[in-house]
Structures are given as structure tokens and as C-alpha cells.
Amino acid sequence: MATVQIEVPTSARERKRNLLDFADWTADEIGALFDTADVMAQVLTRTIKKVPALQGFTVGTLFFEDSTRTRLSFERAARAQSADVISFASGGSSLSKGESLKDTLRTIDQMQADLYVVRHACAGVPHQIARWTEASVVNAGDGRRSHPTQALLDAYTFRGRFPGFDGFAGKRLAIVGDVMHSRVARSNVELWRKLGGEVVLCGPPPLLPPDVAPGVARTHRLEEALEGAHAVMALRLQRERMASPLLPSATEYVARYQVTETALELAHPDALVMHPGPLNRDIEIASEVADGPRSVIEAQVAAGVPIRMAVLYTLLVGKR
Ligand code: NCD
């Protein structure tokens, strides 16, 4: 008797993939993203920096919180692959007229984007939006929780710029500053460890409480954190996320935690200096360090485009 093949349709919701954090991404998949980013970086060296890879797809950028480099970089990454871009910014939207997040999303969803890039001051909003829509969702920063594409571009920059790079194993990243309020720090911890590297967190006690990133090495002494570090990442004091001032003054902070040329003498001789931006010069990082030979701060911004191209490509072509 002939058998009838019944195809069980997989709903778009089950088939779609998100980048909310690294929980369901393996080290191999992240390595593949880096390889794709290498191809994208090649495209960006051409005279015509555009490929048709994502023609017909629409990327929606939903920024409920301020951004300069992240938003520009995602838009550039989408357009360089010929995707259409629709942009939403909460300032000037109906959210200020009392519309709920869900109703706002339902409205935007009628524009039929294939992927949303979401930034929000509240942790978990991109995850919530991912449950409400059939589009893929990329987290572009949610509260203090997660900022995966920033961590990807940081690791990608390290991989491309550390002399004789031979893998993350045995490489140590020191993250210095306001770790408590930093989604960049949390995502870097998650990613760097997944790739086999080590992380040490450093900051004054109010900005580095014991429960931040459990199981990760931490110290309140800058010298200890920098000793032998292969990469040093300085973080801004994120005052907009502090309910009340957590430091007596910036002067003590600068004296003990500013990443200076002198402090860097303790680091690995080839150590790279990173910063996710925005920079507060001569607070968390000495200006001469930010502009000095170890600094890859501008390279990080540049790496954001091929990394985000790779993320959009990987999530969207998987849906085709
Ligand atoms: C960071 C952010 O918004 O999380 N910036 C960025 O995306 N490059 C860091 C910060 O705000 O200090």
C-alpha cells in the first residue's frame, strides 16, 4: 500500500532563530559567525560595499533607549546586504501617549519586518518581544543584562588584532570599571568563557558586588587585574543606571581605577586596550591610552559592521 507523506508544517516561530544572549549558541556556531564576518569585512574593502544577500528582507530597528554606534552599525550592516530598514525610536512615538509595549509591537509587526534589532532599558524586553512576533530578534542591549553583538565585535577585534592569535584558551580579559551596571561586561563574560578564555572583573566595591557574574574572578585592585592581561577593557561609570550616586567622587575613582600607561606596564607586552564607548576621557581611561598604540577602540567600532552583517545574514538566510 502506498504511504502518504504528511508534511508537518513547522511554524515560522519554531523555525526562527534569535540572538538574545549566548545561551543557545555553541562555540562552533560563534566561530562560524566570525568566519562569516571575515567574508563581510572583505566586502567592506571593495569600492562598492554592497551585496544582494538580504534583498527582499526587512530589518526593523526598535530602539527604546539611546544609541549612536550600535544603531548606525546595524543599519549599515543591513543596507550593505541590500535589506530594507525600518526604524522606530521610542522618543516621539505613541509610547509617550500611553500605548503599551505589546500594542506598540503589534502595530510595528504589521509592517512585516523579518528581524527586529531591539534595545531597551529593561532587562528581558527583547526576549518578551521574541515571544510576541514571528520575526527573529537580535538583542542590542537590554538593561544591565546582555549586549551580545557588542561582545561578539569585542572578541572578533581581539581575534583579528592580538599578535599571533592562536585561540582564546589561556587568554585573559580584564574588565575594569562599572561592572555592576554593564551589559557589555556580562555579555563579554558569557562569550569569552564560552570561547575558552579567562576573565577577571575589577572595580570599586559598590560597582563590583559579590553576586555580579558568579564564579568569575574579581578583584578591587587594578594592579592585580591587569597583571599579565592580554586585553584590558575599560567601562564607563553608567550614572544613568545608578538609582543614587554610588561613588563619593570621581577623583578617588580616577586615582584607583583609571586605565593609564603606568598601570598597563603590568599587562602582557602585547595587551590590547578596548572600550565599548561612549568614552569618558580621563575618567575610566587616560586620553593617551585611548589614543595610544595598544588601543583598538576605533577598530571595535569598525568591526561592528561585519559582525552585525554576519549576525543578520546567519539569522535571515536560515529562514529562507
Ligand atoms: C554600551 C551600551 O549601550 O551598552 N555602548 C555600546 O553599545 N557600545 C556601553 C555604555 O553605554 O556604556
Worksheet, complete the sentence: The residue from Val273, Val311, Val305 that alone is within 16 Å of the ligand (Cβ to nearest atom), at negative phi, of a type in the set (A, V, I, L, M) and not in a helix (DSSP H, G or I) is Val273
Response to the item:
Given the conditions (1) under 21 Å from the mean Cα position of the chain (by Cα); (2) part of a helix (DSSP H, G or I), every one holds for Leu62 apart from (2)
Worksheet entry | Those residues of the stretch 96-114 which are free of Cβ contacts under 8 Å to residues at least 40 places away in the same chain and surrounded by fewer than 16 Cβ atoms within 10 Å (Cβ to Cβ), in sequence order | Ser96, Lys97, Gly98, Glu99, Ser100, Lys102, Asp103, Arg106, Thr107, Gln110
Discussion item. Out of the residues in the stretch 230-251 meeting the condition of being free of Cβ contacts under 8 Å to residues at least 12 places away in the same chain and either more than 15 Å from the ligand (Cβ to nearest atom) or acidic (Asp, Glu) (or both), tell me which one is nearest to Gly196 (Cα to Cα).
Written reply: Glu240
Fill in: Tyr116 assigned to a helix (DSSP H, G or I) and modelled with pLDDT of 95 or more
no
Response to the item:
Inside the stretch 127-155, the number of residues satisfying the requirement of being assigned to a helix (DSSP H, G or I) and within 13 Å of the ligand (Cβ to nearest atom) is 7
Fill in: Pair list, Cβ under 9 Å, 6 or more apart: the stretch 55-75 residue under 25 Å from Lys102 (Cβ atoms), other residue assigned to a loop (DSSP other than H, G, I, E, B) and acidic (Asp, Glu)
Phe57/Asp114; Thr58/Asp114; Val59/Asp114; Gly60/Asp114
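Would you pick out the residues in the stretch 193-223 that are part of a loop (DSSP other than H, G, I, E, B) and of a type in the set (S, T, N, Q)?
First pass over the stretch 193-223, keeping only residues part of a loop (DSSP other than H, G, I, E, B): 195-197, 203-204, 208-216, 220-221.
If the condition is that a residue be part of a loop (DSSP other than H, G, I, E, B) and of a type in the set (S, T, N, Q), then no residue fits.
The values are calculated or read from the model by the stated rules, or taken from the named source; none is laboratory data. Only a predicted model underlies this, so the values are computations on that prediction, with no experimental measurement involved. We place every Cβ from the backbone using ideal geometry, glycine too, and count neighbours over all the protein chains shown.
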